[in-house]
Amino acid sequence: MRAYIDVAIVTLLAGVVYFWMAAQVARARRKVGISAPAMTGDPLLERTIRAHYNTLEWMPIFLPSLWLFAIYWNSTIAAVLGLAWIIGRIIYFLGYAADVSKRAPGFFIQACAAGILLFGALGRLVYLAVTS
């Protein structure tokens, strides 16, 4: 499995970033004085929670695509695209938490990275199925 160590590291980094986002939600809660389980009541908290949840919504697209691209194409390229996805998610999160209108650049970066991984893996698998 040494061949996929780069992708394994990126996978764990995505988990670390998601954990950091959860900590930012807790920080926003303390800052605005709204305790769990409340999810509304302050725009900063609502934007931070939404940015955190949106990342969770993308992980089922990102993670399988990352690994299948690595297995059927190239693990180094998959890892680089995975890092781009992570960077995009961080930019998205920080932008969204600050102001909803600032989320677009990060969203674009992560969506492109995820799309390349998803459609690259799917295309390769279809090609292999058809040519086998």
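Taken together, the values in this text are just the output of simple stated rules run on the coordinates, not laboratory data. Remember, predicted model here, so these are calculated numbers, not experimental data. Heads up, the Cβs are rebuilt from the backbone with ideal geometry, glycines too, and the neighbour counts pull from every protein chain shown.
Structure data summary
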{"item": "Pairwise FRET efficiency - Ala111 versus Ala3, Cβ, R0 = 22 Å, nearest 0.05", "result": "0.20"}
{"item": "Rg/Rh (Cα only; Kirkwood hydrodynamic radius) as it applies to the chain", "result": "1.08"}
{"item": "The chain: most fluctuating residue of Leu68, Leu12, Leu83 per GNM, C-alpha cutoff 10 Å", "result": "Leu12"}
{"item": "Neighbourhood net charge (15 Å Cβ-Cβ; Lys/Arg +1, Asp/Glu -1) for Asp42", "result": "+4"}
{"item": "Inter-probe distance in nm under a simple model that places probes 7 Å from Cα toward Cβ, at Ile71 and Ala38", "result": "4.6"}
{"item": "FRET efficiency, Tyr127 to Val80 (Cβ-Cβ, R0 25 Å, nearest 0.05)", "result": "0.70"}
{"item": "Peptides 27-40, 115-128 ordered by average Cβ neighbours within 10 Å, highest first", "result": "115-128, 27-40"}
{"item": "The stretch 6-16 - phi-based ³J(HN,Hα) in whole Hz, Karplus 6.51/-1.76/1.60, Gly and Pro as x", "result": "5, 6, 5, 5, 4, 4, 5, 4, 4, x, 5"}
